[in-house]
Amino acid sequence: MGETEKRIETHRIRCLSKLKMFLLAITCAYVSKTLSGSYMNSMLTQIERQFNIPTSLVGFINGSFEIGNLLLIIFVSYFGTKLHRPIMIGVGCVVMGLGCFLQSLPHFLMDRYEYESTVSVSGNLSSNSFLCMENGTQSFKPTEDPSECVKEVKSLMWVYVLVGNIIRGIGETPIMPLGISYIEDFAKSENSPLYIGFIETGAIIGPLIGLSLASFCANVYVDTGSVNTDDLTITPTDTRWVGAWWFGFLVCAGVNVLTAIPFFVLPKTLPKEGLEDIAEAVNNDKEEKQSEVRKKSVGITKDFLPFMKSLLCNPVYMLFILISVLQFNAFVNMISFMPKYLEQHYGKSASDAIFLIGIYNLPPICIGYIVGGLIMKKFKITVIQAAHIGCWLSLIEYLLYFLCFLMICDNSSVAGITTSYERVPQDLHVENVILADCNMDCNCPTKIWDPVCGNDGLSYMSACLAGCETSSGTGINMVFQNCSCIQTPGNSSAVLGLCDKGQDCSMMLQYFLILSVVSSFIYSLSAIPGYMVLLRCIKPEEKSLGVGLHAFCTRVLAGIPAPIYFGALVDSTCLHWGTLKCGESGACRIYDSTNFRYIYLGLPAALRGSSYIPAFLILIILRKHRLPEESASSETMLEAKFTGKENEGKETDQNSKVLNDDELKTKL
């Protein structure tokens with residue numbers, strides 16, 4: 001008897017350690033995949049400038065990750081549970097590493113990055129080399145040389161980033177559906193929310209690391225080590241600056257490959273956590289279950305259509321998918337373009353914007369996930385209670401969100417674009433008047449973006465358009481004097497870069513970030529209860545397919561199209577496009593901040609607002625199909641199953657309900 005107890009105890013420890021090992025491994029996988037994803041999102045503006053492409057195309061590149069995911073999500077979700085799930089997850093991590101490596105390749109295949117400029121990098125050559133003189137603009141006019149135009153075809157190197165992102169999406173496919181279903185299958189029902197909370201916490205730690213890495217890389221010049229950075233005439237706050245985006249992708253590739261290793265030593269299945277005391281009963285049924293699995297494997301696809309029909313006829317599940325599609329459309333847009341919004345609206349550098357997002361948004365989300373999981377575990381929240389918690393907390397956060405519309409900054413004052421040379425605001429929807437009497441005779445290029453800030457507080461598109469005649473200093477420390485368009489007492493001068501937006505704008509940014517902290521925490525509290533509604537409104541045998549179909553729909557209807565149409569809308573607010581050597585338009589240099597704000601904040605508000613209609617319908621449906629009192633724990637019910645003490649009549653009656661109440665009760 002003593003040996004039997006010892007064997008059961010050893011069995012308990014071994015199973016527990018394997019489940020915890022899988023929990024640690026899948027959490028690390030979530031860290032690595034979200035590290036790569038957050039880094040990619042943070043580098044969108046750098047990729048846009050590196051390849052001189054519009055925001056809509058950048059949105060397509062970003063959405064290509066979902067295309068890769070889409071190719072395999074249904075297949076993996078259904079067939080994955082019948083195969084070796086840990087090994088499939090490990091292979092996925094390796095494929096993600098390959099995709100990240102491919103994304104970094106263009107840097108090694110392209111020439112050095114050249115930004116448009118009217119200023120000689122050596123500086124202080126002579127007063128007539130790039131300033132208000134007849135012969136100062138010849139080398140900066142668009143070239144008609146065919147060889148130069150052919151050379152620019154190399155900008156198609158962005159295709160490598162596109163393909164790499166698709167491959168990364170393919171690799172990420174098995175991690176979420178197979179990892180979550182593995183935990184749900186072998187963890188206690190009351191422990192499952194806590195475990196998923198830990199996994200989702202890993203999904204926050206990853207972006208925290210990813211954003212930190214992105215902030216560092218965005219602050220390092222793309223060709224550092226190949227060029228003398230002292231000669232640069234741009235800073236990280238300049239919209240022409242490109243950071244070392246390629247370096248982070250190499251780091252992500254290595255992390256993804258290392259994360260894959262533990263999954264290759266984990267078992268295909270584990271005993272249900274908490275059933276160690278009835279291990280002998282499990283062993284008695286082991287051969288019977290194995291033969292059953294063998295029979296099922298012969299007709300591995302026969303249940304696919306019935307499962308799909310069951311899911312499509314589940315009203316709560318279908319309404320939850322509709323909610324997810326609407327919410328994902330909103331959040332994909334907000335997350336993808338938040339760095340650009342902070343750059344353009346509040347005048348921050350890409351590095352600072354990424355850093356602020358990581359510091360202010362991710363810690364409260366991480367805490368919210370953990371607290372949400374603990375609440376679900378401690379109070380044994382039912383599906384109805386979880387639905388109410390998720391809905392009302394989300395609604396509170398949504399109402400707070402409207403305060404963001406009050407935290408505004410004005411457009412940057414740029415002569416000839418947003419204001420006249422006499423400081424009179426211009427109509428942004430008519431053709432800009434770039435030239436004025438003060439610079440009409442300077443023969444300045446009117447398309448080159450090389451802004452300077454005058455000592456009158458007004459920005460100009462270039463030193464030449466400011467009417468500056470002389471300069472001193474080199475690199476970023478260059479100062480321009482005798483500027484005829486700058487109306488100030490005494491000597492008029494200008495320095496490189498746009499003028500600062502001012503203290504009032506900095507305060508608005510602080511208010512915006514503080515509100516984002518509160519909103520992120522409240523919304524993350526609702527995430528775990530909401531996800532439990534998804535998992536527990538479907539039958540256990542349909543769970544993996546249900547999670548996969550949910551991911552499929554959100555990717556097709558949100559993840560892929562959202563960045564594209566949102567990017568096109570952002571492009572419509574552009575006030576001045578960069579110019580390539582052949583005269584074609586490059587990346588946008590300055591946006592209409594007001595319209596950008598309306599699009600960035602208004603469109604997600606409309607999408608999220610419409611999602612509360614199906615949310616309230618779910619609450620009504622769950623209220624009509626109220627679950628029976630949960631007087632028995634999951635372990636008691638499972639023991640009853642082994643001893644044959646379940647009431648078959650009751651089970652049959654409950655299974656007739658639309659929401660499959662008995663299955664929900666068992667899971668809870």
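At a Förster radius of 30 Å, what calculated FRET efficiency corresponds to the Cβ-Cβ distance of residue 517 and residue 410, to the nearest 0.05?
On the way: r = 25 Å, r/R0 = 0.83.
Once rounded, the FRET efficiency stands at 0.75.
Let me have the relative contact order for region 413-498, percent, based on Cα pairs under 8 Å that are six or more residues apart.
Computed value for region 413-498: 25 percent relative contact order.
For region 363-415, state which trypsin sites (Lys or Arg not before Pro) are in a DSSP loop and have at most 16 other beta carbons lying within 10 Å of their beta carbon. Don't jump to the answer; show the numbers that get you there.
Working: sites: 377, 378, 380; in loops: 380.
The qualifying sites are 380.
Report, by chain and number, residues whose modeled amide H sits under 5 Å from the one on residue 471, excluding near sequence neighbours (fewer than 5 apart, same chain).
481
Taking a quarter of the surface of the convex hull around the Cα atoms of region 413-498, what do you get in nm²?
Working: hull surface 21.4 nm².
For the Cα atoms of region 413-498, the hull's average projected area reads 5.3 nm².
At a Förster distance of 22 Å, what's the computed FRET efficiency of residue 620 paired with residue 399, Cβ-Cβ distance as r, to 0.05? Spell out each step's value before the answer.
Details: r = 21 Å, r/R0 = 0.97.
Efficiency computed from Cβ-Cβ geometry: 0.55.
How large a share of the accessible area of region 413-498, in percent, is made up of carbon and sulfur atoms when the probe is 1.4 Å and the other protein chains stay in place?
Working: 1880 of 3710 Å².
Carbon-and-sulfur percentage of accessible area, whole number: 51.
Would you kindly state how much longer the chain becomes between residue 598 and residue 20 on full extension, computed as 0.36 nm times their sequence separation minus their alpha carbon distance, in nm to one decimal?
Values: separation 578, 0.36 × 578 = 208.08 nm, distance 4.65 nm.
The residue 598-residue 20 span can extend by a further 203.4 nm.
From the Cα trace of region 163-277, what convex hull volume per residue do you get, rounded to a whole Å³? Mind dumping the intermediate values first?
Details: hull volume 16.2 nm³, N = 115.
It comes to 141 Å³ per residue, whole-number rounded.
Quick check for me: using +1 on Lys/Arg Cβ and -1 on Asp/Glu Cβ, what's the dipole size of region 413-498 about its Cα centre, in debye to the nearest 20?
On the way: 2 positive and 8 negative charges, 42 e Å.
Once rounded to the nearest 20, the dipole reads 200 debye.
At a 1.4 Å probe radius, carbon and sulfur cover how many percent of the accessible area of region 353-392? Walk me through the numbers on the way to the answer.
Numbers: 1420 of 1800 Å².
Of the solvent-accessible surface of region 353-392, carbon and sulfur hold 79 percent.
Full-extension gain between residue 226 and residue 436, please, as 0.36 nm times their residue separation minus the C-alpha to C-alpha distance. Provide the component values of the computation, followed by the final result.
Working: separation 210, 0.36 × 210 = 75.60 nm, distance 3.98 nm.
This chain segment gains 71.6 nm when fully extended.
Starting from the 7 Å offset along Cα-to-Cβ, what nm value, one decimal, do you get for the label separation of residue 541 and residue 500?
My value for the distance between the label points is 6.8 nm.
Give me the extension gain from residue 111 to residue 91: residue separation times 0.36 nm, minus the current Cα-Cα distance, reported in nm with one decimal.
Working: separation 20, 0.36 × 20 = 7.20 nm, distance 3.40 nm.
Extending this stretch completely gives an extra 3.8 nm.
Quick check: net charge around residue 262, other residues with Cβ under 14 Å of its Cβ, Lys/Arg +1 and Asp/Glu -1? Please list the in-between numbers first.
Values: positive: 18, 20, 85; negative: none.
Neighbour charge sum, excluding residue 262 itself: +3.
Which distance in nm do the two modelled labels at residue 309 and residue 237 give, with both placed 7 Å along the Cα-to-Cβ direction?
6.5
The values are calculated or read from the model by the stated rules, or taken from the named source; none is laboratory data. In this text the structure is predicted, and so the values were computed from the model without any measurement. All Cβ positions, even for glycine, are placed from backbone atoms using ideal geometry, and neighbour counts span all protein chains on display. SASA here: full protein model, heavy atoms, side chains in, ligands and nucleic acids out. Shrake-Rupley method; radii C 1.70, N 1.55, O 1.52, S 1.80 Å.
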